[in-house]
Amino acid sequence: MTAEKNIILNPGKVSLSQLKAVFRDHATCQLNEDCEQRVNAAAAVVAKAAQGSNAVYGINTGFGKLASQRIAPDQTTQLQRNLILSHCCGVGEPLERDVVRLIIVLKLISLGRGASGVRWEILQRLQAYLELDLMPLIPAQGSVGASGDLAPLAHLAATLIGEGEFFHQGQIRPAREVLEDFHLSPIELGPKEGLGLINGTQVSCALALKGLFDSWRLLQTALISGAMSADALMASTAPFHAGIQNLRGLQGQIDAASSLRELLQDSIIRESHREDDERVQDPYSLRCQPQVMGACIDLLRQVASTLEIEANAVTDNPIVLVEEGVIVSGGNFHAEPVAFAADQIALALSEIGSIAERRIATAVDPAQNYGLPAFLTPNPGLNSGFMIAEVTSAALMAENKQRAMPCSVDSTPTSANQEDHVSMACHAARRLQAMNDNLAHIIAVELLIACQGIELRAPSSTSPALCRVINCIREHVPMLEHDRILSGDMTRIADLVRSGEITAALQSKDLLPAFTS
């Protein structure tokens, strides 16, 4: 299916595939203008409350522990401006431009639901950022994932009022200067508009979505590398039999086994030892691929469902219930669902790398690799072959294991104990980038080693599908006949893994599992 090139965002109904197209394919997107009436209706409810005598949180009161402090109607604009300035406390490296773009899209979707009380003008300005490719500079650190991603979203909101900075034409420039270049005036925020902009889970959600999109591609590639290892090690394909998987009934396991069978279909190597192989069973890392990879498939599909819902959610506070004409304080800003989702992705990434590293270790071990030379070098002893490439994969696996500790259990009270339980979702999602990078390199090592092992089985060859993958690899990295520096080879193949070129080499998406079962 061809990705959409111009996406109309219908808040509450935006699909994961549309978000993926926005993030990965840089598809243009526009908020459905049918949202305007409801957005303005909610803003009218807020404007009325701001002039009233009843205390309404964040509209005519202070924030957090200062909620008991009343704010006069003529100070509400200053209140919102001060909120943004005081919350710009982010530190660390700036978030990637593509992540910032996704954050803006998610904020548009949330505000477009018409329950936040901001004016249509705010949404139009965010839309202009997308159209003009104006990406605010957002420091990556500072959110604990409760009361919204306050600090990072404040850096986004600051640019609306002419503060903060933009990425623009390869430079970091003051927001006011960039706005002037495009004849855009800073916006004077109305009641609740600052709060509506910084309350929300959009930063955590965007980072988690990036982690999900990248991890799914790596999972698919790990099925390919796992199939290649199975053939290089002359493993039995009997454990991939459909009947075994159907008796358990887990869809991810069924789909993983199906992919492994299809990837190995018509392998001459497989046929060469089908009848006379004296081994009864292979190591778990080969035999239990459907069970381990299938569990990861199910986990990531569950995450996909959660994040699709979250991407369409209203997650600020208080919330305007237009039909009832009331403003209600709640806790939708608490990012626990995103934190759990990010932790689940981390678990899957750790396990995919763990089982891949065990296959790598088996392949280089002459006691286990069924007749291949030690460390897969034609002249072991004089050459060390893939000895230390395996060690590198073990090091990366260990790092990912350490990073897989759930962040969601690490709550700490903030804001004078008013916010006494937080999710740590932003940190949970941000750490996925490093984990995905590590896993890409682990898979790259397995691809190189499995490719070498298959070629050492000549004249027997692997399946047509896997031959196409090997051809892709060999366009970038030659067979290892004598020792050489392997770091560059590993990096080149890791880049192919991340870009999707390895999965594309199959020339058929039907060989790999999809997001949905």
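Go through segment 269-294 residue by residue and tally those that are at pLDDT below 95 and either β-branched (Val, Ile, Thr) or closer than 20 Å to residue 514 by Cβ (or both).
The total comes to 2.
With respect to the numbered conditions (1) open to solvent by 10 Å² or more (accessible area, probe 1.4 Å); (2) in contact with a Lys or Arg (Cβ under 7 Å, 6 or more places away or on another chain), which one is the sole condition not fulfilled by residue 114?
(1)
Is it the case that residue 247 is part of a helix (DSSP H, G or I) and open to solvent by less than 50 Å² (accessible area, probe 1.4 Å)?
Criteria not met by residue 247.
For a quick check of your reading of the model, give me the residue pairs whose first member lies in segment 457-472 and is within 12 Å of residue 264 (Cβ to Cβ), whose second is charged (D, E, K, R) and open to solvent by less than 40 Å² (accessible area, probe 1.4 Å), with beta-carbon atoms closer than 9 Å and at least 6 apart or on different chains.
Pairs that qualify, where the first residue is within 12 Å of residue 264 (Cβ to Cβ) and the partner is charged (D, E, K, R) and open to solvent by less than 40 Å² (accessible area, probe 1.4 Å), are 462/231; 462/270; 463/231; 463/270; 466/231.
State which residue pairs qualify: first residue hydroxyl-bearing (Ser, Thr, Tyr) and inside segment 161-190, second residue crowded, with 19+ Cβ neighbours inside 10 Å in any location, beta carbons under 9 Å apart, and separation of 6 or more residues or different chains.
Sorted first by the residue in segment 161-190, then by its partner, the pairs are 185/179.
What are the pairs, 6+ residues apart or on separate chains, where a residue within segment 285-313 that is open to solvent by less than 30 Å² (accessible area, probe 1.4 Å) has its Cβ under 6 Å from a residue that is modelled with pLDDT under 95 and among the aromatic types (Phe, Trp, Tyr)?
304/515
Return yes or no: is residue 18 farther than 14 Å from residue 192 by Cβ, in contact with a strand residue (DSSP E or B) (Cβ under 7 Å, 6 or more places away or on another chain) and outside any loop (DSSP other than H, G, I, E, B)?
Yes; evaluated as a whole, the condition is true for this residue.
All but one of (1) farther than 28 Å from residue 138 by Cβ; (2) aliphatic (A, V, I, L, M); (3) modelled with pLDDT of 95 or more hold for residue 39, so report the exception by its number.
The number of the failed condition is (1).
Can you tell me which residues in segment 73-104 are touching an Asp or Glu at 6+ places or on another chain (Cβ under 9 Å), of a type in the set (S, T, N, Q) and open to solvent by less than 30 Å² (accessible area, probe 1.4 Å)?
80
Of the conditions (1) in contact (Cβ under 8 Å) with a residue 60 or more places away in the chain; (2) open to solvent by 10 Å² or more (accessible area, probe 1.4 Å); (3) more than 25 Å from residue 16 (Cβ to Cβ); (4) not aromatic (Phe, Trp, Tyr), residue 210 fails just one. Which one is it?
Condition not satisfied by residue 210: (3).
Residue check, residue 437 against (1) surrounded by fewer than 23 Cβ atoms within 10 Å (Cβ to Cβ); (2) touching a helix residue (DSSP H, G or I) at 6+ places or on another chain (Cβ under 7 Å); (3) at pLDDT 95 or above, all met but one. Which one?
(2)
With the condition being without any contact (Cβ under 8 Å) to a residue 12 or more places away in the chain, I'd like the helices (runs of 4 or more DSSP H) fully within segment 327-437 carrying at least 2 qualifying residues.
So the answer is 387-403.
Any residue at all in segment 36-53 that's β-branched (Val, Ile, Thr), in contact with a helix residue (DSSP H, G or I) (Cβ under 9 Å, 6 or more places away or on another chain) and not in a helix (DSSP H, G or I)?
No: zero hits.
Anything in segment 388-432 that is closer than 30 Å to residue 488 by Cα and among the β-branched types (Val, Ile, Thr)? List them, or say none.
388, 391, 392
Checking residue 416 against (1) open to solvent by 10 Å² or more (accessible area, probe 1.4 Å); (2) aliphatic (A, V, I, L, M); (3) under 18 Å from residue 375 (Cβ atoms): exactly one of these is not met. Which one?
That leaves (3) as the condition not met.
Looking at (1) over 34 Å from the mean Cα position of the chain (by Cα); (2) open to solvent by 20 Å² or more (accessible area, probe 1.4 Å), find the lone condition where residue 59 falls short.
Failed condition: (2).
Please state which of the following conditions residue 48 fails to meet, knowing it meets all the rest: (1) within 28 Å of residue 175 (Cβ to Cβ); (2) surrounded by fewer than 16 Cβ atoms within 10 Å (Cβ to Cβ).
In the conditions (1) within 28 Å of residue 175 (Cβ to Cβ); (2) surrounded by fewer than 16 Cβ atoms within 10 Å (Cβ to Cβ), residue 48 misses (1) alone.
Sort out which residues of segment 250-265 are more than 27 Å from the chain's Cα centre (by Cα) and either more than 20 Å from residue 234 (Cβ to Cβ) or surrounded by fewer than 21 Cβ atoms within 10 Å (Cβ to Cβ) (or both), and write them in order of number.
Within segment 250-265, 261, 262, 265 meet the criteria.
The values are calculated or read from the model by the stated rules, or taken from the named source; none is laboratory data. Here the structure is a predicted model, which means the values were calculated and not measured. Here Cβ is always computed from backbone atoms with ideal geometry, including for glycine, and neighbour counts include all displayed protein chains. These accessible areas exclude ligands, DNA and RNA; they are computed on the full protein's heavy atoms, side chains included. Shrake-Rupley method; radii C 1.70, N 1.55, O 1.52, S 1.80 Å.
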